[in-house]
Each structure stands twice: as C-alpha cells, then as structure tokens.
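Data first, discussion second: the structure below is written as structure tokens.
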Amino acid sequence: MSSQPNDPAPLPDLGPAAAELTRLLDGVRDEHLAGPTPCPEYAVRDLLSHVLGLSIAFQDAAHKKSGPTTETPPGTVAPPELPTDWRTSLPESLAAMAAAWRDPAAWEGMTQVGGLTLPATVTGRVGLDELVVHGWDVARATGQEFRSAPDDLEVSYAFLAPSKDDPAARGTAFGPAVDVPDEAPMVDRLIGMSGRDPAWTA
C-alpha cells in the first residue's frame, strides 16, 4: 500500500481482490450460470456481466474518463447479456482495473463512477469493495471457498461501516445491513454490512 500526501490512510492495492475473483471464475461451470446469487435480482450470469461492467467503469474512473461507463447510476439499466468470451474477457478486464488503480495519479483529485463525482481516494475504495463483495457472491453462488486478503476485508468494512444506519448514504447499491455478532469473522461482518446474510447458500 502507498499513501498520498493529503490522504493519511494507505491506498489499497486492488490486485489481490481482482486475482481472487479471477480464481473463482475458474470454478464457475456452465450449469451455474442460471443459478441464484446472494444478489436476489441477479442470476450468476447477470452477476458476472455486472462485474465485467464495473471493471470497465472503474478503469475509466481511474483514468478520469467520463462517458456512459461512469455516468450511469447503478441499477438504472439491466446488465447486458454476458458475452460468450467472458472466460477470457472478464479476467483481462479485472487485471486492467487493478493495474489502472496502481497508478498514483488514479488516486488524485476527483473522478466519476456510477453517476457520482467523488474524491478519487473514495472511488478506488468503492472499487475494492465491489471486487471483494462480489467475489464472495460468486463463491457462495458456485459453492467455492472465498479467500480474501485480511487487509481488503478491513478496508471494505471501514468503507461501509459509516453508512450502516444512514439509508441515504447507502443509496440503492446496498440493502439494509444485516446484524452480525462483533465476534464473528471479519468476512461475515463485512458481508452483513453490505446487506447480505453471511449464511446464504445456493
């Protein structure tokens, strides 16, 4: 991790979370694609299409590039059909997203994603949270073990925790937080904070 002069918190590396999601893609079988996920409105194929879209959007956000990928609020359009080449295009796009946020310039100033203009230091953490939480989604939907780096769980939890009791701050991207005991593993506490039941299974 590195830091910017005006941002005392270390800047996260999105690489490990992107790599974990890519690892999980290897365990997604064709018969999984129509199955349910912890996101009630998404089948597995829809979730993968969403992840592909957000990986492109966060690349553009890192490059301060405005356009449909960064100006469209989440949930206003349905995910496009999952491309037939997703097994190669999605890992490539996840790697490109992580690489884009390794550029210190990505974390400087303001940028846009999901139709919101935010400090880049916030936007990068949003991207990390998306990778971590949707990695868990993919793992649960396909019966795989989720292996997140402890630092990534901590960063994502710290990002979501302030909005726990503030529906306006949570917006439409997250449902109401699910209560999880303080002594529960950090991954369960994070998933509950994201509005998911840590005990969910397919």
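Structural remarks
- Residues located in the stretch 109-131, provided they are buried (at least 23 other Cβ atoms within 10 Å of the Cβ) and within 18 Å of Ala96 (Cβ to Cβ): Thr111, Val113, Ala120, Thr123, Gly124, Gly127, Leu128, Glu130, Leu131
- Scanning the stretch 87-118 for residues that are among the basic types (Lys, Arg) and outside any helix (DSSP H, G or I) yields a single hit, Arg102.
- Total residues in the stretch 54-69 satisfying the condition of being modelled with pLDDT under 95 and surrounded by 15 or more Cβ atoms within 10 Å (Cβ to Cβ): the figure is 1.
- Residues considered: Ala95, Ala99. Of these, the only one that is farther than 23 Å from Val44 by Cα and touching a helix residue (DSSP H, G or I) at 6+ places or on another chain (Cβ under 9 Å) is Ala99.
- Some residue of the stretch 74-81 being at pLDDT 95 or above and either assigned to a helix (DSSP H, G or I) or among the hydroxyl-bearing types (Ser, Thr, Tyr) (or both): no
The values are calculated or read from the model by the stated rules, or taken from the named source; none is laboratory data. Everything numeric here is computed off the predicted structure, so don't read it as measured data. When we count neighbours, we look across all protein chains shown, and the Cβ atoms used for this are built from the backbone with ideal geometry, even at glycine.
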